[in-house]
Amino acid sequence: MGRMKVVQVGVGGFGRNWVRVLRDSKDVRVAGLVDLRRDAIDAARQEIGDAGVPGFESLTAALRAVAADAAVIVTPPERHRPLAEQAMRAGLHVITEKPMAATPADCASMLRTAASTGRVCVVSQNYRYRPELWTMAALVRRGAIGDIGQVRLEFFKGQDFHGGFRHSMPYPLLIDMSIHHFDLIRFITGLDPVAVRGEAWNPPWSNYAGDCSSAVTFEMNNGARVLYNGSWCSKGAYCDWNGNWHIEGSKGCLTYANGQVVLHSVPALYTETRQRAVALKPLKPDGQARVLKDFTAAVRRGRRPPTDVRDNIRSVAMVFAAVEAVKTGRRVPVLDARMKAALAAAERRDQGT
């Protein structure tokens, strides 16, 4: 296979980032641009440096006019499922922006469609592909801190979007941002969540309509607990977008804050013997470019990429469950019945049974 032919759906706003990623890739070429706004398509053509790239108002029109191998979907979450399923049923592989979809039912449907069509469908969890987070995951996997028993992840930002949809969401941090951190919890620890409890609130100075501060606790499949405490309306002491991490295991702990990973060795009970800053593992390409690289390699080699929907459904389920937990005040299972059924059906299909 030569360069993969890609149709990008949604080229304005954040879609401009993907326009540049596709332009700079040696693995793909842009076969078509889809957007309701003609000016967004014109701007994308200028970014690519090719005024001849065809533009369309719908994916349907693009699929009729151009031959493509894949679609990159950069639209509001409620459009992810219908567009991704349309592309997969037309024979295209898919990258969709996070979150996977807007509802648990839509996520389960996307997983079923990926399994039934045999298409690769991945979610762009680009935070995984940062040197500092890649370094922590590698340390955990090689056993540097032993068996994980508890994790604290804090995220504090004073983030004003000056209006727009985030300021009217019921739980803006959990719904719009926390998918990155929840996916990182799974990626770095290698553990999956089974249930969650939590609460959410809005301090008096917040300019968000919904509860913009949250504290949730995940129970993981090895019995560990992960405490996630975050806010988009903090009044100071801000962290970077990765958050501040404290990962404790049987041999010590890993900490991360503002670009620095530190390994604390505690081989005996409570006695720290060594503390050292860890050099970050180089990672090129990173971010969305790495998502694309893994995706194209998986398609060519017939394998499953790291953020395939079979994996990502467990991350996005953490968001839905956390929202339900803070709304109800109850302990909520992370995977609902539809998601479990879709995962089981996909596994049976993958195994040919």
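A short reminder: the numbers here are calculations on the coordinates, not readings from a lab. Just so it is clear, the structure is predicted and the values come from calculations on it, not from any experiment. Quick reminder, even Gly has a Cβ in these numbers, built from the backbone with ideal geometry, and neighbours come from all protein chains shown.
Quick notes on this one:
- Computed [θ] at 222 nm, helices only, for the chain once each DSSP H run of length n ≥ 4 contributes -39500 (n - 2.57): -11000 deg cm²/dmol
- Mean Cα-pair separation over length for the range 132-193, i.e. relative contact order, pairs under 8 Å, 6 or more apart, %: 52 percent
- For the peptides 77-85, 48-56, 153-161, the ranking by mean Cβ contacts within 10 Å, running from highest to lowest, is 77-85, 153-161, 48-56.
- Extended-chain gain in nm, criterion 0.36 nm per residue less alpha-carbon gap, Glu199 and Val262: 19.7 nm
- Remark: the Arg225-Arg37 segment gains 63.1 nm on full extension, using 0.36 nm per residue and subtracting the alpha carbon distance.
- Sorted by Cβ density within 10 Å, fewest first, the residues Thr189, Thr103, Thr307: Thr103, Thr189, Thr307
- In terms of the mean number of neighbouring beta-carbon atoms within 10 Å, the peptides 27-33, 2-8 order highest first as 27-33, 2-8.
- Taking label positions 7 Å along the Cα-Cβ direction at both Ala237 and Arg300, the computed distance is 4.8 nm, reported to one decimal.
- Debye log10 I(q)/I(0) for the range 130-278, one point scatterer per Cα, at q = 0.10, 0.15, 0.21 Å⁻¹: -0.37, -0.78, -1.27
- Lysine pairs with alpha-carbon atoms under 15 Å apart, the chain, spacing 8 or more or separate chains: 6
- Pairwise centroid distance, computed over Cα atoms, of the range 65-94 with the range 215-273, Å: 37 Å
- Distribution of pairwise C-alpha distances over the range 216-288, 10 Å bins, in %: 15, 36, 38, 11, 0
- Among Ile73, Ile95, Ile188, the residue with the largest mean-square fluctuation in a Gaussian network model of the chain, with springs joining Cα atoms closer than 10 Å, is Ile188.
- Entry note: the chain has Rg to Rh equal to 0.98, where both radii use alpha-carbon atoms and Rh is the Kirkwood radius.
- Take the Cα radius of gyration of the range 75-201 and divide it by 2.2 N^0.38 Å, N being the number of residues; the result is 1.23.
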